[in-house]
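K.L.:
My structure is below; once you've seen it, I'll send some questions.
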Amino acid sequence: MDIKGVIKTHGFTLIEVADKMGITKGGISQIVNGSPNVKTLRTIAEIVGCKVGDFFADEMSEKKPTEPSLKCPHCGKELKITISR
């Protein structure tokens, strides 16, 4: 589950989402790093403008990378890695 990545992809910070939810920075951190319930996921999805399923996109994807890649820690986008010899 990639709650943090989806939040960033939609142009929000964790602190902005926490403020809109009326919780602390520590509270949103626990949600992102834990196992949030569906109600909490729906609330976050409404705030950032996405679907709850977007948080599970990586887990539901059957695409297997053929090339090495990493996720950008800032925006969550996939970065391709080219290996040259």
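K.L.:
Which residue out of Thr9, Thr43, Thr24 is under 22 Å from Glu78 (Cβ atoms) and among the β-branched types (Val, Ile, Thr)? Please lay out each step first, then the result.
P.N.:
Numbers: Thr43 fails: under 22 Å from Glu78 (Cβ atoms); Thr24 fails: under 22 Å from Glu78 (Cβ atoms).
On inspection, the qualifying residue turns out to be Thr9.
K.L.:
Further, regarding this structure: Just the residues that are among the β-branched types (Val, Ile, Thr) and open to solvent by 50 Å² or more (accessible area, probe 1.4 Å), please, taken from the stretch 12-38. Working first, answer last.
P.N.:
Quick first cut of the stretch 12-38, residues among the β-branched types (Val, Ile, Thr) only: 13, 15, 17, 23-24, 28, 31-32, 38.
Of everything in the stretch 12-38, those that are among the β-branched types (Val, Ile, Thr) and open to solvent by 50 Å² or more (accessible area, probe 1.4 Å) turn out to be Thr13, Ile15, Ile23, Thr24, Val38.
K.L.:
Would you point out the residue of the stretch 44-60, among those that are surrounded by fewer than 16 Cβ atoms within 10 Å (Cβ to Cβ) and not aliphatic (A, V, I, L, M), that is farthest from Lys8 (Cα to Cα)? Please lay out each step first, then the result.
P.N.:
Filtering the stretch 44-60 for residues surrounded by fewer than 16 Cβ atoms within 10 Å (Cβ to Cβ) gives 46, 49, 51-53, 56-60.
Then keep just the ones that are not aliphatic (A, V, I, L, M); that gives 46, 49, 51, 53, 56, 58-59.
Details: Glu46: 14, Gly49: 12, Lys51: 14, Gly53: 16, Phe56: 15, Asp58: 15, Glu59: 18 Å.
Ranking the qualifying residues of the stretch 44-60, first place goes to Glu59.
K.L.:
Can you tell me which residue is modelled with the highest pLDDT among those in the stretch 59-85 that are charged (D, E, K, R) and assigned to a loop (DSSP other than H, G, I, E, B)? Before you say what the answer is, go through the steps one by one.
P.N.:
Residues of the stretch 59-85 charged (D, E, K, R): 59, 62-64, 67, 71, 77-78, 80, 85.
Retained after the next criterion (residues that are assigned to a loop (DSSP other than H, G, I, E, B)): 62-64, 67, 77, 85.
Numbers: Glu62: 53, Lys63: 54, Lys64: 55, Glu67: 62, Lys77: 82, Arg85: 73.
Applying the filter and picking the extreme gives Lys77.
The values are calculated or read from the model by the stated rules, or taken from the named source; none is laboratory data. Only a predicted model underlies this, so the values are computations on that prediction, with no experimental measurement involved. No Cβ is skipped: glycine too gets one built from the backbone with ideal geometry, and neighbour counts run over all protein chains shown. Please note that ligands, DNA and RNA were not included when accessible areas were found on the heavy atoms of the full protein model with its side chains. Shrake-Rupley method; radii C 1.70, N 1.55, O 1.52, S 1.80 Å.
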